[in-house]
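Enquirer: Structure below; questions to follow.
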Amino acid sequence: MERRAAITGLVVSLAATAALGVAAGLIWGQVAPRAQLQEVSAGVAQVVNAETRAFIGADGWFCLIAAVGGAVTGTCGYLLGIRRRGNGTQAAVTVGLILGAVAAAFVMRWLGEQSGNQAYQHQLAHAAAGATFSASLTLGAKTALVFWPLFTSLVIVLAEVGRRRREPGPELDPMSSMWTDPRGSGGAP
């Protein structure tokens, strides 16, 4: 029974977290800035402003959305799946959340990069020389993919540390044998 609950917890947490990547990818595709391109010749375009911050802005938005997604995943996963389960299931749910966070980051990247890509390809192929249009969205800093699992893990660890601090621990005897004579005389050694 415990094993079945652990497997169910792993699969559900992985799938639910990866599904959040779909929403995050759609959000990133909508809010991330895109560089403006100008058609130079048939099928060839160049960036209009070489000093554009659109590429860095797109990566920044990815990091922000992934960090929020990781915090939401970690918080909800901890409150709904980890805190209320047995030890074997807790580990499985935690692994599912972290693996799901990795999957969510890749889903977010793929879906965000696909949004607007078809329109970009169409304009690149059919625009007249001199026409301007938006570039397709790409994630330049691939290391940003770690933000979702990093924040998921961080929230889980902090929640668990906080929970353990609130739990009453074993009481320590202020007159332990460390401070008294082991022979029982009551004086210092």
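Enquirer: Within the range 1-109, list the GluC sites (Glu not before Pro) lying in a DSSP loop whose Cβ has at most 11 other Cβ atoms in a 10 Å radius.
Expert: Loop-located and lightly packed - Glu51.
Enquirer: Now, a different point. Under 14 Å from the 7 Å Cα→Cβ point of Phe106, by amide nitrogen: which residues of the range 133-150?
Expert: 145-146, 149
Enquirer: Next up: Taking H placed 1.01 Å from N in the peptide plane, check which residues at least 5 places from Leu37 or on another chain put their amide H under 5 Å from its amide H.
Expert: Val48, Phe133, Ser134, Ala135
Enquirer: Select from the range 14-106 those trypsin sites (Lys or Arg not before Pro) which occupy a DSSP coil region and have at most 15 other Cβ atoms within 10 Å, ordered by residue number.
Expert: Sparse-neighbourhood loop trypsin sites (Lys or Arg not before Pro): Arg53, Arg83, Arg84.
Enquirer: Let me ask something else about it. Relative to the compact globular guide of 2.2 N^0.38 Å, what is the alpha carbon radius of gyration of the range 1-105, as a ratio?
Expert: So the Cα radius of gyration is 1.52 times the expected 2.2 N^0.38 Å.
Enquirer: Right, next: In nm, to one decimal, how far is the modelled label at Leu80 from the one at Leu26, with both set 7 Å along Cα→Cβ?
Expert: Distance between label points: 1.7 nm.
Enquirer: Tell me, rounded to the nearest percent, the portion of alpha carbon pairs in the range 100-144 spaced more than 16 Å apart.
Expert: 47
Enquirer: Under a point spin-label approximation (7 Å from Cα along Cα-to-Cβ), what is the His126-Arg3 distance to one decimal in nm?
Expert: 5.8
None of the figures in this text is laboratory data; all of them are computed from the coordinates on show. Being a predicted model, the structure only gives us computed values, none of them experimental. All Cβ positions, glycine included, derive from the backbone under ideal geometry; neighbour counts span all protein chains shown.
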